[in-house]
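Working notes, structure below.
Every read-out reported here was derived from the displayed coordinates using simple, explicitly stated rules and does not represent laboratory data. Note that this is a predicted model, so its numbers are computed, not measured. Note that each Cβ is placed from the backbone with ideal geometry, even for glycine, and that neighbours are counted across all protein chains shown.
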Amino acid sequence: MVMKMLPLGEHSDSFLQLVERLSMASTRRRWEAYRDVGWDDRENEVHRDDPRWEAQESWDPLATSPWYRDQSPETRSAIGLCRHARLLKVGIQFEAALSQGLLGFAGRLPNRHPMFRYVYHELAEEAQHSMMFQEVIDRSGFDPPGCSTEYAELFRQLVDLGEDLPALFFLAVLSGEESFDFIQRKLCASSSTHPLIARVSRIHVIEEARHVSFAQAYLRDVVPRMSRREIRELRHYGPVILDLTASHLFEFTGAPLVGFGMPDDVRQAIADDPRGRTIRRASMARVARLCDELGLIDRRRPDAGVTAD
Ligand SMILES: [Fe+2]
Ligand SMILES: [Fe+2]
């Protein structure tokens, strides 16, 4: 792929003003993993037979699987906790790639550029998020391996995009943040969510709103001034990124659930379940709308996937 992006210094005043407002918001409203979560509070204790870990229908297609429903309540809770641990592990892997890409992006900024401060606020926030996620994983007792080999390679490629192709980088970042945000909003909205995961999710949703705002504004600022060839390339890779992002949090790579004896055909049935596809599309709806607004969706393409109506 050959794509020459706009020089990083060329941005509209309104975008740069937003960046400064987001930086100010980061100093006023922020959380720390080991200051603002009551890890040792009694209500936050993690027990794998706690029914509040059970898979929730609003975001997890596992919840309605007949195989899952046939398990004992204790096993359903343990599987649900294992799913949470895996999700958070993937979150850490994504945030690690995102952070490395952000460092590369910031490294190209000229002195006195307002984005430098914002990007480092975002980096500091991601570090706190990953510490929260790892603490929950450690308390779960599970050892989730995280994402599949295929996605690990995609995360590695994401790192380089931060420096080389920032528009594509922020599109991928936005997709990843939106999909995670979708799940955590569902968790926050449910009264049956375990209080520890509810607390961690709430903090994450609030802080990620700034990251989402930044990525959306960045794309709105740079895409309209790109050349037709650059737009064509974004249109080519954008839907692929959205499709891949829409799946990675929901995939059953097997390893985390092997201990529970989930048969391969059950795993496949859940992956193919139309309700799961509806959830995946919903998780990408906001970023798909932005792509549409920016003219990045070619509806004639047969692989329009989650971006198609
Ligand atoms: Fe985060
Ligand atoms: Fe983020």
Whole-Hz ³J(HN,Hα) from phi, Karplus 6.51 cos²θ - 1.76 cosθ + 1.60, for region 36-53, glycine and proline x
10, 10, x, 4, 9, 5, 4, 5, 9, 4, 9, 10, 6, 9, 6, x, 6, 8
Cα gyration tensor category, rounded, prolate or oblate, for the chain with a/c compared to 1.5
oblate
Checked region 210-286 with the C-alpha gyration tensor, a ≥ b ≥ c its square-rooted eigenvalues, rounded below a/c of 1.5, otherwise prolate if a/b is larger than b/c and oblate if not; verdict prolate
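Hydropathy at least 0.5 by Kyte-Doolittle, axial extent at least 20 angstrom from the Cα trace: which helices of the chain, defined as entire DSSP H runs, fit?
Numbers: long enough: 13-28 (23 Å, -0.03); 73-107 (51 Å, 0.36); 114-140 (40 Å, -0.52); 149-164 (23 Å, -0.48); 166-189 (33 Å, 0.71); 195-222 (40 Å, 0.18); 228-248 (30 Å, -0.63).
Helices passing the filter in the chain: 166-189.
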Taking Cα centroids, how far is region 141-181 from region 202-222 in Å?
16
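Viscosity 1.306 mPa s, temperature 10 °C: give me the Stokes-Einstein translational D for region 27-142 in µm²/s, with Rh taken as the Kirkwood radius over C-alpha pairs. The partial results should precede the final answer.
Working: Rh = 16.5 Å.
Taking Rh from Cα pairs, D becomes 96 µm²/s.
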Divide the volume of the convex hull of the Cα atoms of region 87-166 by its number of residues and quote the answer in cubic angstrom per residue.
72
Out of every Cα-Cα pair in region 143-186, what percent are more than 17 Å apart?
44
How much length, in nm to one decimal, is gained on full extension between Thr27 and Arg112, taken as 0.36 nm per residue of separation minus their Cα-Cα distance?
28.7 nm
Two-site label geometry, His47 and Gln134: point separation in nm, points 7 Å out along Cα→Cβ
2.9
